[in-house]
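K.L.:
Once you've had a glance at the structure underneath, I'll fire off some questions.
The values are calculated or read from the model by the stated rules, or taken from the named source; none is laboratory data. Everything numeric here is computed off the predicted structure, so don't read it as measured data. Cβ placement follows ideal geometry from the backbone for every residue including glycine, while neighbour counts extend to all protein chains displayed.
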Amino acid sequence: MSGKGAPELSVENCGDLRVAVIAAQWHEQVMGGLLDGSLRALRELGIEEPTLVRVPGSFELPVAAKVLAEGHDAVVALGVVIRGGTPHFDYVCQGVTQGLTKVSVDCGVPVGFGVLTCDTEEQALERAGLAGSSEDKGHEAVTAAVATAAALRTVAEPTRGRQPAGT
């Protein structure tokens, strides 16, 4: 199971964080579970009014994340890509992963990666946070993004443009 070894994250005093959730529309049942898990996690963290945006598919997640990163403390991207008989799976997974990573690093805003990349629909259902699922990746993506945003706000602003004392 991929969840083995996951840390127990404890996040407090984050109700004032501005969080955006972007969810793809492909695979309605899986996406319903991911979205429900993410919204439940936000409520548990005291974040009552997240921004929610739906996009057609997982490939569109990075551009939406880029736009939403400005004005939000964290962004959570939810999607699912299921392997088929062509290399399309590899291209989409690579593009989404690299795109979301680039957004996070370039914008300095945590992006929770709730994109399932599965060989079968059954694997996706097991990770979607539905009744009987073994994992809840929507919930996990929110918790990771919010925990990172909370950690980042404890770091002092860098001294941009100032020379160190004594130079």
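K.L.:
What number goes with the only condition from (1) closer than 29 Å to D16 by Cβ; (2) aliphatic (A, V, I, L, M); (3) crowded, with 16+ Cβ neighbours inside 10 Å that V92 does not pass?
P.N.:
(1)
K.L.:
For G114, indicate whether it is touching a Lys or Arg at 6+ places or on another chain (Cβ under 6 Å), modelled with pLDDT of 95 or more and closer than 18 Å to A77 by Cα.
P.N.:
It is true that G114 is touching a Lys or Arg at 6+ places or on another chain (Cβ under 6 Å), modelled with pLDDT of 95 or more and closer than 18 Å to A77 by Cα.
K.L.:
Taking the stretch 99-121 on its own, how many of its residues are more than 14 Å from the chain's Cα centre (by Cα) and under 10 Å from I82 (Cβ atoms)?
P.N.:
4
K.L.:
Right, another one. I'd like the full set of residues that are under 16 Å from E135 (Cα atoms) and not small (G, A, S), limited to the stretch 81-118.
P.N.:
Answer for the stretch 81-118, where residues must be under 16 Å from E135 (Cα atoms) and not small (G, A, S): F113, V115, L116, T117, C118.
K.L.:
Looking at the stretch 104-116 only, could you name the residues that are surrounded by fewer than 23 Cβ atoms within 10 Å (Cβ to Cβ), within 16 Å of V21 (Cα to Cα) and among the β-branched types (V, I, T)?
P.N.:
Once the filter is applied, which keeps residues that are surrounded by fewer than 23 Cβ atoms within 10 Å (Cβ to Cβ), within 16 Å of V21 (Cα to Cα) and among the β-branched types (V, I, T), the stretch 104-116 yields only V115.
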